[in-house]
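Below is one structure, written out as structure tokens, with a few remarks after it.
Throughout, read-outs are computed from the coordinates displayed, never taken from laboratory work. Computed from a predicted structure; not experimentally measured. Cβ coordinates were reconstructed from backbone atoms using ideal geometry, including for glycine residues, and neighbour counts include every protein chain displayed.
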Amino acid sequence: MNPIAPILEVRRITKRYGAVTANDQVDLSLYGGEVHALLGENGAGKSTLSKVIYGFTRPDSGEILLAGKQVVVPTPREARALGIGMVFQNFMLIPALSVLENIALFLTDLPFIVHPKTIEKRIREFGERFGLVVDPSAPVRQLSVGDQQKVEILKLLLAQARVLILDEPTKVLAPHEVSALFRIFESLKAEGYSILFITHKLREVMACADRITVMRQGRVVGGFGPGEADLDALVTMMFGGQEAAEQLEPAERAVPPSGVGSILELRGASCPAQGSETVLRGLDLTIGAGEIVGVAGVSGSGQKELGDLILGLRSLSVGSKWFCGVDASSWSIARMRENGVAFVPEDPLLMAAVPGMSVRENLVLGTGSRYWKGVSVDWSALETAMGESFHALAFPVPRLDPPAGALSGGNLQRIVIAREMAHKPKLVVALYPTRGLDVRSATSVRDLLRRAREGGSGILLISEDLEELAEMSDRMFVLYGGALVGEFKRGEWQLEEVGHLMTGSRGAAHA
Amino acid sequence: MTTPLVLGVLAGAVLSGTSLLYATLGETIVERSGIVNLGLEGLLLIGASVGFSVTAATGNAWLGLAAAALAGGLANALFGWLVVTRMANQLASGLAMMFFGFGVSALVGAPYIGSVIVGLPKWRPAWLASLPWVESTTLFNYDLLTWVAIPAATFVWWALFRTRWGLGVRAVGESPAAAFAAGRNPAALQYQALCSGGVLAGVAGAHLSLSLTLTWAEYMTAGRGFIAIALVIFSKWHPLRAIVGALLFGGTEALQLQLQARGSEISPFLLEMAPYLLTLVVLLAWGGSRRLAAPASLGRTFYGSD
């Protein structure tokens with residue numbers, strides 16, 4: 001393929017959210033009949049760029065050209081009129097409606113009286129042409145995720161889109177569904193459709209992309225033409241090359257105390273998944289006293305499920321969970337927490353705080369019966385204890401009266417961490433504890449986790465920030481597709497190796 | 001049971017089922033768009049009193065019917081302004097609308113209490129009248145609203161399930177965000193659903209005063225609005241199943257009236273409870289499966305995309 005002029009071109013797109021620049025002068029061109037992979041770590045700005053192209057988000061500056069002509073895309077409606085279609089990460093389908101109804105809802109040329117037969121014929125026609133065979137009369141809620149994705153793509157094709165943007169389409173797919181999707185890409189390509197394929201999985205990019213653009217921290221950091229890319233170059237580009245590699249070198253740190261008892265042990269722990277969750281497969285994991293165990297992985301590899309499993313939010317289907325030498329496989333959440341498990345969840349607003357309740361009330365939630373005084377709560381004891389915790393973290397003590405929902409993400413994260421760390425937990429399960437925090441707060445969270453380690457706590461640190469993991473961890477695991485695919489002792493890990501395992505591009509021992 | 005009793009119950013089931021059916025159809029459209037209107041009782045009262053007053057004042061029951069339909073549509077447009085435009089809580093707004101309906105209907109109807117009107121004309125095809133046992137009863141002696149009740153339910157089904165508009169309404173009730181992403185206007189669709197639902201509720205109220213009782217009395221609906229809300233659940237938000245539900249509930253009411261008229265030994269208080277007991281039974285029986293059939297976004301306020 002040797003395209004002459006790009007069908008879609010974006011020039012100097014810039015988009016800021018507050019102080020964060022999600023897209024910084026981004027250029028990208030897409031040709032007819034190609035699969036163009038947009039590769040980058042989480043937060044690199046890929047989704048923002050795709051939403052700008054689809055008119056879902058308005059850029060601060062920059063321009064979009066379609067077939068050489070400048071176009072304005074203020075809302076998705078205009079994008080569709082221009083033949084640009086997008087499949088969102090979490091889909092936009094209505095589970096209760098049938099495949100046909102979901103597709104009909106999207107069509108611009110739908111007559112007032114819907115003729116199911118006509119639409120059904122078109123669905124079957126496109127389905128057979130591109131390998132997107134779905135039963136038009138089936139309710140969407142009965143479809144597998146792979147089939148739902150087919151419906152999303154069919155929707156765009158029937159609405160005459162020529163440029164298809166797919167935001168992390170493989171995130172929710174099983175391996176065989178991924179290869180089916182790539183076959184669909186091939187047949188679409190052959191008919192001249194252009195596909196912008198957003199992902200952070202290297203192996204997939206190598207398998208299907210004609211050209212690759214790599215983004216990091218809101219900028220385009222490089223690109224590869226057909227056949228030019230190789231894995232090592234991509235990994236270096238994605239994770240920031242040599243500077244990051246240097247920071248990944250083990251920092252000076254005493255060898256962790258050996259021979260101490262394990263705080264938490266998972267033995268062959270598995271749990272099934274619902275919907276778009278990740279299945280956990282046979283996890284063996286031990287967290288000792290006075291040890292920070294890091295878990296690296298791209299998002300959606302099973303981090304949330306792992307945290308939930310340890311806290312008891314979901315139960316094991318196979319295997320067992322041991323807490324301080326006692327079988328805790330069937331313990332309730334309350335029992336885990338009473339025994340000293342602190343939990344910093346992935347999404348504090350959803351899982352650790354009630355937005356409509358005051359900060360003070362949120363601080364007492366999850367502390368069990370510790371501050372009960374008769375039928376009331378001993379607010380002054382609570383405030384004293386929490387004040388000390390904030391102090392230990394060097395966080396400013398927040399105002400206690402406003403509702404938690406009024407706080408910024410970073411402030412809320414500080415409150416959750418202060419609460420969870422207030423009572424000398426035996427085990428800390430922290431998912432992305434420094435996400436959304438400024439540099440100083442992030443540093444004090446890391447200091448506190450280290451101090452908890454010196455005090456004999458076991459810490460499970462789940463993060464996407466490789467630098468943070470390298471700095472903190474005594475041991476590091478890599479989670480990929482719901483399985484632990486690599487284990488490194490401090491000083492043994494290499495950036496490339498970890499990056500490859502995280503993206504599943506090499507030697508992953510998963511199904 | 002004697003044959004006259006059975007025929008009496010059947011005739012009564014159809015007569016009192018008619019207004020239940022129109023009310024249920026209206027609420028079904030509204031709930032399909034994701035809005036719960038607990039003010040249905042008030043809407044029925046407005047329809048009944050406006051219909052009666054206009055008929056009494058003009059002497060034309062058709063004018064009364066049209067005025068009732070218009071009043072129902074307007075009342076629901078006001079409700080829409082509250083819950084769609086102002087994004088007020090639907091349950092609280094619905095209850096407020098109900099009491100508003102109590103007041104408005106009492107005010108409008110007060111001058112006409114005791115008026116004598118000529119209601120909606122009724123007729124019975126000759127071949128049906130000549131059937132044995134039928135002649136002496138009111139069976140098949142219906143007004144236009146009753147005769148077109150089943151076609152009306154079929155039309156509502158067709159509009160909801162076979163037109164572009166109905167697809168949009170149902171999509172909004174399931175997921176306003178997805179409907180919005182597909183290029184629809186959720187607020188406009190909800191207003192349209194509310195207004196057409198209000199018209200049907202107005203018609204339902206008018207049928208009570210212009211055909212069933214031929215009088216106006218305060219709070220004459222006696223909970224029919226709430227029974228209709230329960231019937232929406234009973235029929236699983238489906239207009240055609242609502243026909244069965246309306247007949248069943250109309251029949252329960254007719255049966256208790258017939259039993260009372262015949263001097264049954266069961267306490268009249270117990271008998272009068274029958275339709276409401278049946279409502280409780282339906283809600284209990286359907287309770288668990290409700291989630292499967294209810295519009296996913298029912299009762300939730302859509303605050304826009306993002």
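What's the local net charge at residue A:378, with K and R +1, D and E -1, over the other residues with C-beta under 14 Å away?
Around residue A:378, the surrounding residues sum to +1.
Taking every residue in B:164-171, how many Cβ atoms of other protein chains lie within 10 Å of its Cβ, on average?
Average neighbour count from other chains, rounded to a whole number: 5.
Just to be sure I understand: with springs between alpha-carbon atoms less than 10 Å apart, which residue in B:106, B:228, B:92 has the highest mean-square fluctuation in the Gaussian network model of chain B?
Largest GNM mean-square fluctuation: B:92.
Normalised by the residues of chain A, what does the relative contact order come to in percent, with Cα pairs under 8 Å and at least six apart?
Rounded, it is 15 percent for chain A.
Using the Cα atoms of segment A:8-248, I'd like the radius of gyration and the largest Cα-Cα distance, Dmax, both in angstrom.
For segment A:8-248, the Cα radius of gyration and maximum Cα-Cα distance read 18.2, 65 Å.
Using the number of other C-beta atoms within 10 angstrom as an exposure proxy, rank B:84, B:108, A:377 with the fewest first.
In increasing order of surrounding Cβ atoms, one gets A:377, B:108, B:84.
In a Debye calculation with equal point scatterers on the alpha-carbon sites of segment A:356-424 and no solvent, what is log10 I(q)/I(0) at q = 0.24 Å⁻¹?
For segment A:356-424, the Cα-only Debye profile gives -1.10.
Could you work out how far apart the two model spin labels at residue A:399 and residue B:185 are, taking each label as a point 7 Å from the Cα in the direction of the beta carbon, and quote it in nm?
4.0 nm
Please compute the contact order of chain B in relative form: average sequence separation of alpha-carbon pairs under 8 Å and at least six residues apart, divided by the residue count, as a percent.
37 percent
Roughly how compact is segment B:1-143, stated as its Cα Rg over 2.2 N^0.38 Å to two decimals?
1.27
Looking at the protein assembly as shown, send over the antiparallel percent of its DSSP beta bridges, to the nearest 5.
So the antiparallel bridges amount to about 55 percent of the total.
Excluding residues on the same chain fewer than 8 positions from residue A:15, give the lysines whose Cα lies under 23 Å from its Cα.
Cα-Cα hits under 23 Å: A:46, A:51, A:69.
If I model chain A as equal point scatterers sitting on the Cα atoms and use the Debye formula, what is log10 I(q)/I(0) at q = 0.08, 0.09 Å⁻¹?
These q points yield log10 I(q)/I(0) values of -0.57, -0.72.
Can you sort A:114, B:244 by how many other beta carbons sit within 10 Å, fewest first?
Neighbour counts put them in this order, fewest first: B:244, A:114.
Taking the C-alpha atoms of segment B:204-306, how large are the radius of gyration and the largest Cα-Cα span, Dmax, in Å?
16.9, 63
Considering the options A:445, A:415, A:455, tell which one lies farthest towards the positive end of the dipole of segment A:415-468, charges being +1 on Lys and Arg and -1 on Asp and Glu at the Cβ, about the Cα centre.
A:455
Please report Rg (one decimal) and Dmax (integer) in Å for the Cα set of chain B.
Gyration radius and largest Cα-Cα distance of chain B: 19.4, 66 Å.
I'd like to compare A:66-75, A:210-219, B:150-159: which one has the highest average count of other Cβ atoms within 10 Å, and what's the full order after that?
Per-residue Cβ counts within 10 Å, averaged per peptide and sorted highest first, yield A:210-219, B:150-159, A:66-75.
Quick one: if the Förster radius is 60 Å, what FRET efficiency do residue A:324 and residue B:155 give, using the C-beta to C-beta distance and rounding to 0.05?
0.30
Cα-Cα pairs above 15 Å in segment A:1-79: how many percent? Before the final figure, lay out each step's value.
Numbers: 1732 of 3081 pairs.
Value for segment A:1-79: 56 percent of Cα pairs lie more than 15 Å apart.
Could you list the chymotrypsin sites (Phe, Trp or Tyr not before Pro) in segment A:107-159 that lie in coil according to DSSP, counting only those with at most 10 other Cβ atoms within 10 Å of their Cβ?
Passing both the DSSP loop test and the Cβ count: A:112.
Using only the Cα atoms, work out Rg/Rh for segment A:310-442, with Rh taken as the Kirkwood radius, to two decimals.
Numbers: Rg = 15.2 Å, Rh = 15.6 Å.
Radius of gyration over Kirkwood radius for segment A:310-442 works out to 0.98.
In chain B, which helices (entire DSSP H runs) extend 20 Å or more along their own long axis, judged by Cα positions, while averaging at least 1.6 on the Kyte-Doolittle scale?
Taking the DSSP H segments of chain B (at least 20 Å long, mean hydropathy at least 1.6), we get B:268-286.
Work out which GluC sites (Glu not before Pro) in chain A are exposed loop sites (DSSP not H, G, I, E or B, at most 14 other Cβ within 10 Å) and give the longest gap free of them.
After excluding every exposed loop site, the longest remaining stretch is A:253-491.
Would you order A:263, B:243 from fewest to most other beta-carbon atoms within 10 Å of each residue's own beta-carbon?
Ascending Cβ contact count within 10 Å gives the list B:243, A:263.
In segment B:35-56, which residues have a backbone nitrogen under 18 Å from the label point lying 7 Å from residue B:88's Cα in the Cα-to-Cβ direction?
Residues B:35-44, B:46 fall inside that zone.
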